[in-house]
Every structure is written in C-alpha cells, then in structure tokens.
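Notes for the one structure printed next.
The values are calculated or read from the model by the stated rules, or taken from the named source; none is laboratory data. Computed from a predicted structure; not experimentally measured.
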Amino acid sequence: MNGDDCGPARIWLKGSNPPIPGLAMSRSIGDSVAAQAGVIANPIITEHRITPADKFLILASDGVWEFLSSERVVDIVSAYWT
C-alpha cells in the first residue's frame, strides 16, 4: 500500500487505518459492486480450438499464478502426461 510492493494487485478497504490486508483479486466476473472498488467485472475471453497437438489444458486461478510461473506449472503437469 502507498506505493510499496505488496505482491499481486489488491483491493483495499477505503479508509482503513491501520491498513488491513487487501484482497488479492483483480477480477470478479459480473461483480458490479466490487467494480466500484476497482475490480474488473467484465472477463477477458479468448478462444482456442483444441487440436490433437494439444497435450493438456490447465485451468487455474490467480492463487496458482501468484506462486508458480507458467513454465513451472507446465513442467509439473507434463511430468504426468503420457
């Protein structure tokens, strides 16, 4: 808070003193109330046509990506792909 590095983007309770831990969330699909606090309520949607060349699909929340890089996750998953 106040410009200090505190990890992922966070939503802070306005006027809290001392500052309480901020909620580590930058998106909440369809949450128009949280949008008033800076949360992005409209998702970014991309499409990918699955082909035989695709080996696996990883669906994970920011709780995974906060601690593991994409490369690390692929390394973990690919160890179980046969």
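Tabulated data for the structure shown
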item: The range 4-49 - residue that is closer than 24 Å to L68 by Cα and more than 19 Å from the chain's Cα centre (by Cα) and, of those, modelled with the lowest pLDDT; result: D4
item: Of all residues making up the range 55-82, the number that are assigned to a helix (DSSP H, G or I) and among the aliphatic types (A, V, I, L, M); result: 5
item: Residues of the range 61-82 that turn out to be at pLDDT 85 or above, small (G, A, S) and within 26 Å of I11 (Cα to Cα), as a count; result: 2
